[in-house]
């Protein structure tokens, strides 16, 4: 018997027919290589393409505690004065913890930069399963710490910094904010979490609703988490720095923007995370987009639903980054 879930938006449903032909909705370990190929081909811009929009510089910073160096991509609006401090955004790419690099999903960042002049630094973290937890989040925090130490040369206003990411990047953004709070690291003004991957336990209704349909179904989610955590996934000893929904204390975090589609695996954990931020005395803006699948604004970029979602992100950034 099929699982019951909200209906897909009609435009999303039509587009999913083509999307699921390119990559099946259920990612199994043997398909990780294919996901990497599709991510590189369809969601990752070349450096030359990026430089057609903004000034972009590749940086290599020392890893923490003898870990490999971390590659950052620093972007600044063309024609901006390098001596003037702009808002900063630290970007963490998606890819299910197993795919992508610091140019993946950068179209989002370019759109934000076009709306709000800012400096964006995107991090290239190590991928699972070759590099399980804590490698990805340690790379992300390492990059953030370096940015915090080099705001002057980057031209970033240290009081106007946001951590942002989508999917796995959204989960790593939430985790990086937790690490920064707990280690006394750079304090961001906000965290922008787009359909964040934050809970390995598969205990919410939405985490089990999709099987063999949509984007990033329950099987894909199990593959992603087991790649990151191995046999520990779903067990009692998973760190909140791996799965932020595990955190028991969500106080003292940057104000959050959290969104998901109503027909995706991460819907209920996103709602719960926002609710617990409120309950801890923090602030969050929550959007659950009706009929949206995971990553719907990339699946149907011109649909009214997608345009509204992208506008909501920009509006939140404007408010949070206002002087």
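Within the stretch 199-230, can you find the residues that are touching a helix residue (DSSP H, G or I) at 6+ places or on another chain (Cβ under 7 Å), surrounded by fewer than 21 Cβ atoms within 10 Å (Cβ to Cβ) and within 17 Å of residue 171 (Cα to Cα)?
202, 204, 218
Return yes when residue 127 is farther than 26 Å from residue 228 by Cα and either at pLDDT 95 or above or within 17 Å of the chain's Cα centre (by Cα) (or both) and no when it is not.
No.
Residues are listed down the side, and each one gets a yes or a no for (1) within 16 Å of residue 268 (Cβ to Cβ); (2) out of contact with any strand residue (DSSP E or B) (no Cβ under 6 Å at 6 or more places or on another chain); (3) assigned to a helix (DSSP H, G or I):
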{"residue": "162", "(1), (2), (3)": "no, no, no"}
{"residue": "169", "(1), (2), (3)": "no, no, yes"}
{"residue": "172", "(1), (2), (3)": "no, no, yes"}
{"residue": "175", "(1), (2), (3)": "no, yes, yes"}
{"residue": "203", "(1), (2), (3)": "yes, yes, no"}
{"residue": "221", "(1), (2), (3)": "yes, yes, yes"}
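Among the residues of the stretch 296-305, write down those that are surrounded by fewer than 21 Cβ atoms within 10 Å (Cβ to Cβ) and either farther than 21 Å from residue 20 by Cα or under 17 Å from the mean Cα position of the chain (by Cα) (or both).
298, 304
Select from the stretch 240-269 the residues that are under 23 Å from residue 107 (Cα atoms) and touching a strand residue (DSSP E or B) at 6+ places or on another chain (Cβ under 7 Å) and list them in ascending order.
256, 257, 258, 259, 260, 261, 266
Residue by residue through the stretch 196-225, note down the ones that are more than 18 Å from the chain's Cα centre (by Cα), farther than 16 Å from residue 273 by Cβ and in contact (Cβ under 8 Å) with a residue 60 or more places away in the chain.
Hits for the stretch 196-225 are 208, 209, 210, 211, 212, 213, 214, 219.
What pairs come up if the first residue lies in the stretch 1-23 and is free of Cβ contacts under 8 Å to residues at least 60 places away in the same chain, the second is part of a helix (DSSP H, G or I), and their beta carbons are under 7 Å apart, counting only those six or more places apart or on different chains?
22/38; 23/34; 23/35; 23/38
The values are calculated or read from the model by the stated rules, or taken from the named source; none is laboratory data. Everything numeric here is computed off the predicted structure, so don't read it as measured data. All Cβ positions, even for glycine, are placed from backbone atoms using ideal geometry, and neighbour counts span all protein chains on display.
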